[in-house]
Amino acid sequence: MTNPKDLTATSCIKLIKSKEVTATEITNIYLDRSQRVNSQINSLITICTEHALEQAKMIDENLDDHMEKPLLGVPISVKDVISTSNILTTAGSNILSNYIPPYDATVVKKLKDAGAIIISKANCDEFAMGSSNENSFFKCCRNPWDTEKVPGGSSGGSAASVAASQSLLSIGSDTGGSIRQPASLCGVVGLKPTYGAVSRIGLIAFGSSYDQIGPFAKNVEDCELLYNVIKGYDPKDLTSKKQIPDFNFEKSRNLKDLKIAICEDLINENINQNVKSVFDNTVSKISELGATIEKINIPYIGESLPVYYLTAPSEASSNLNRFDGIKYGISDQSGSSSWDTINLTRSNFGDEVKRRILLGTFALSSGYYDDYYDKAQKIRGLIIESFNKVFSNYDIVISPTSPTTAFQIGSLTNDPILMYQNDICTMPANIAGIPAISIPCGMSEGLPVGLQLMGPNFSEPFLLMASKIIEEKLSWNNGVKISI
Ligand code: GLN
C-alpha cells in the first residue's frame, strides 16, 4: 500500500504512468487521509470527494491519452479564495459561506487540463487577511508539527495540507507573504511568482496590485513542476504579462559564480534569536557552495510595513465593496430597505476585515489621501527602485522568511501590530512585484524555519534552480517527520 507521507508529486506521477497504481487508488488514499487528519488540524474547508473521484476516473479510463499530462493524477488542494466551478468557495468568510462559483479560476482550469485532481479547498484567513489562519470564519487551522501552534497565514490550510500529506501539492495566494510565511512555519516550499506571471482570474481580490497566486510543494522539484503548469499569459487578466522575458541564467548552473546579498535591514531586532542562528548556519552552508555572499542595506525597505498596510487595505476597501448582500453570498434581508440589507449583510465580515475596510477607506478619503495613500505609493516606487539597483549588482537577496517559528494559537490575536510584523521579511517582494521563494532550512525547538530567496522580475527558473542546489545541501529536518 502506498504511504501518502512517502510520496512526492513527481514520484506519484511515475507510479501512475508505470501503472503500478491507478489515479483512483491515489485519490482514495489522499481522500481518506484528508478526512482523518482534518479532524486534528482543520486545514480543509471542503473535501471534494465526488469531484475528485470523477476526475480520477476520467484519467484511469483513458490513461494512454493522458500519459503526457504534467500533473497526471496528482491530488492537490486549492486555497478557498480561488474559484472552483460547482465547488463551494468561501474565501474563509461567513459572507461567502454559501457561494458556489459558476466558473473555474484560470489556474484551476490549467490544473485540470494538466491532469491534477482537485481534492480539497483549503482553509485560510478571511479574504486572505492574516498571518495565522485565526481570522477564518471556519476556525483556525492548526500546524501539523505542533497542533497548539498556528500554521501561518493566510494560506495556512494550503501549507498545512501539504505538510500533513493530505495532498501532494497546493495552490495559495500571496499579497504580503501568505504563501511564503505559512510555507516557512509548516516546513514546505512556497513560491510567490513575479506579479503578472500567473493569472489572477478567479482569485477573490484582496489587494489587486499585490495579489499573486503561487504553488506549495514538499520540495523544490515539485514546486517547479506546479509553477510551470500555472504560469503564463491570460488574455482575460489585464495585468498578466504577455511575453515573459527570457531570463539568462547560464552563468549560474552552479552557485559558484553567484553574488548573493543578505538584506541586513530584514535581520534586525524583530528576528527571533533561534531563527537567526538557523539562518546564520544556512548562510555558512551556502557559502560552502562557493557563492559570494555580502551584507547589504536596501534603502526604504524598512518602510515596507506602513506602505503595505496603507495601500493593501485601500485596495481591499474598494474590492470588498461588491459584498453587499445583493450580488454574491449571504443576504440578510431582515431590515426594511436595501440599505439595511447592505448594512446587515456587511456586519458579517470578521473583525480583521472590518479593520482593513476602515483603514483603507480612511487612507483614501479626501483630506487624507495625499498624506497617506499617495505618500505610501511614492515610497513604494522608491522601494522598487532600490531593488532594481540591488539586482544590477547581485543575483539573489536572502533573508529568513519569517521572524519567528510557528507561534501559539491565540498568542497574538489581541495585538494586530505584532501580528502584522510576521510579514516583515516577505512584504518587500510584493511591494516590488518580484518573485520570492521560501524553502525549509532547519529546525528550531521542533519547528521548521524557512529561508527566503528573492530575485529580479521573472527570474523564477533561476530562483528555483538555486533553491534546488541549496535544498540538496541542507538536510533541514534530519529526517524528523510529522507525527500525525
Ligand atoms: N499577512 C498579510 C496580511 O494580513 C499578508 C496576507 C496575504 O499575503 N494574503 O495582509
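The values are calculated or read from the model by the stated rules, or taken from the named source; none is laboratory data. Fair warning: this is a prediction, and the values are worked out from it, not measured in the lab. Backbone-built Cβ (ideal geometry, glycine too); neighbour counts: all protein chains shown. SASA here: full protein model, heavy atoms, side chains in, ligands and nucleic acids out. Shrake-Rupley method; radii C 1.70, N 1.55, O 1.52, S 1.80 Å.
The residues on offer are 458, 462, 362, and the sole one that is more than 27 Å from residue 157 (Cβ to Cβ), in contact with a helix residue (DSSP H, G or I) (Cβ under 7 Å, 6 or more places away or on another chain) and hydrophobic (A, V, I, L, M, F, W, C) is 462. Could you say whether any residue in region 406-424 is modelled with pLDDT under 95, away from the ligand (no atom under 15 Å from the Cβ) and open to solvent by 30 Å² or more (accessible area, probe 1.4 Å)? Yes: one or more hits.
Summed over region 152-167, the residues that are within 13 Å of the ligand (Cβ to nearest atom) and in a loop (DSSP other than H, G, I, E, B) give a count of 4. A count restricted to region 82-132 and to residues that are in contact with a Cys (Cβ under 7 Å, 6 or more places away or on another chain) and assigned to a helix (DSSP H, G or I) stands at 0.
Inside region 168-178, residues that are in contact with a Pro (Cβ under 8 Å, 6 or more places away or on another chain) and within 13 Å of the ligand (Cβ to nearest atom) make up a count of 1. Of the residues screened, residue 319 is not one that is more than 16 Å from the ligand (Cβ to nearest atom) and either open to solvent by less than 40 Å² (accessible area, probe 1.4 Å) or not small (Gly, Ala, Ser) (or both).
Within region 121-134, the set of residues being near the ligand (Cβ under 8 Å from one of its atoms) and either more than 16 Å from the chain's Cα centre (by Cα) or farther than 17 Å from residue 44 by Cβ (or both) comprises 129, 130, 131. When 38, 28 are screened for being open to solvent by 50 Å² or more (accessible area, probe 1.4 Å) and not in a loop (DSSP other than H, G, I, E, B), only 28 passes. With respect to the stated conditions, residue 265 is over 25 Å from residue 160 (Cα atoms) and acidic (Asp, Glu).
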